[in-house]
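Following: one structure in structure tokens, then a few remarks.
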Amino acid sequence: ATACTYPLDFARGRISGKLASHARKKEYKGIWTTILLTVRDEGALALYKGVTPTLLGALPYEGIKFGTVGVLEKLFPLPVDVPVDQQQPQTSAAQPLRKMIFGGIGGVMAGLITYPNDTVRRLLQLQGSRGTNVQYAGYFDCVKKTYQAEGIGRFYRGILINIIRMAPNAAVQFGSYELLKQLTAKYF
């Protein structure tokens, strides 16, 4: 799936990272323009700059998110151990809300821990675009040079907006799953 959709993420990164050039002219005017300009200027493989952090970060992100939800479920168990279809209405209705809260916390934890990887991905996506220099030979070179030049804080620049985005995203994911599980429990 990543092989098919990553060029779109790449284009989004380029558009948001290079809103204007030194001449104050917009470099990228849309997704398709960005993809076409990148292929023309840098070749088709350039659309996959930064894919390594995406692949390296997906498993830890999801693992941390689901693991946090699992730990929270054990720390705060439901008061009754009754199958969903036999629960009282108030317990049954509270379960999706409970999962939303746990999912939101899981999303925040995963975002906090994996955000430096996301920063590396964005730095790799932006290099070489429309006249900028290629600075990094790859993932580990980017980590090393970024840390040496700007310290650990550089890896967390912009984390607040990411957390604001990830908490509701994960909350809706877990809450809607739980709600659909309840609604379909009598059929399976």
Compute the helix-to-body angle for 2-17: its Cα long axis versus the longest principal axis of the chain, expressed 0 to 90° and rounded to tens.
60 degrees
Show which lysines lie in cross-link reach of K29 when reach means a straight Cα distance below 17 angstrom and same-chain residues fewer than eight apart are skipped.
K18
Do you know the relative contact order of the range 108-159, to the nearest whole percent, from alpha carbon pairs under 8 angstrom that are 6+ apart?
43 percent
Per-residue ellipticity at 222 nm for the chain, helices alone: DSSP H runs ≥ 4 residues times -39500 (n - 2.57), over residue total, nearest 500 deg cm²/dmol?
-24000 deg cm²/dmol
At a threshold of 8 angstrom on Cα-Cα distance, excluding pairs fewer than six apart, so keeping six or more, what relative contact order does the chain reach in percent?
27 percent
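Within 10 Å, count the other beta carbons around each residue, average over each peptide in 44-53, 30-39, and list them highest first.
Working: 44-53: 18.3, 30-39: 15.9.
Highest to lowest by the protection proxy: 44-53, 30-39.
Students often get this wrong, so check it: of K74/K144; K65/K181; K99/K144; K65/K186, which have C-alpha atoms separated by over 31 Å?
Details: K74/K144 39 Å; K65/K181 19 Å; K99/K144 38 Å; K65/K186 28 Å.
Pairs exceeding 31 Å: K74/K144; K99/K144.
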Whole-Hz ³J(HN,Hα) from phi, Karplus 6.51 cos²θ - 1.76 cosθ + 1.60, for the range 49-63, glycine and proline x
4, x, 5, 4, x, 5, 5, 5, x, 5, 5, x, 4, 5, x
Please report the carbon-and-sulfur percent of the accessible area for the chain; probe 1.4 Å, protein heavy atoms only, DNA, RNA and ligands left out.
66 percent
State the label only: which of [x] 9.8; [y] 13.6; [z] 12.5 corresponds to mean projected area of the Cα convex hull in nm² computed from the shown model?
[y]
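The values are calculated or read from the model by the stated rules, or taken from the named source; none is laboratory data. If you're wondering where the values come from, they're calculated on a predicted model, not measured in any experiment. Cβ atoms come from the backbone with ideal geometry, glycine included; neighbour counts cover every protein chain shown. Only protein heavy atoms, including side chains, enter the accessible area calculation; ligands, DNA and RNA are left aside. Shrake-Rupley method; radii C 1.70, N 1.55, O 1.52, S 1.80 Å.
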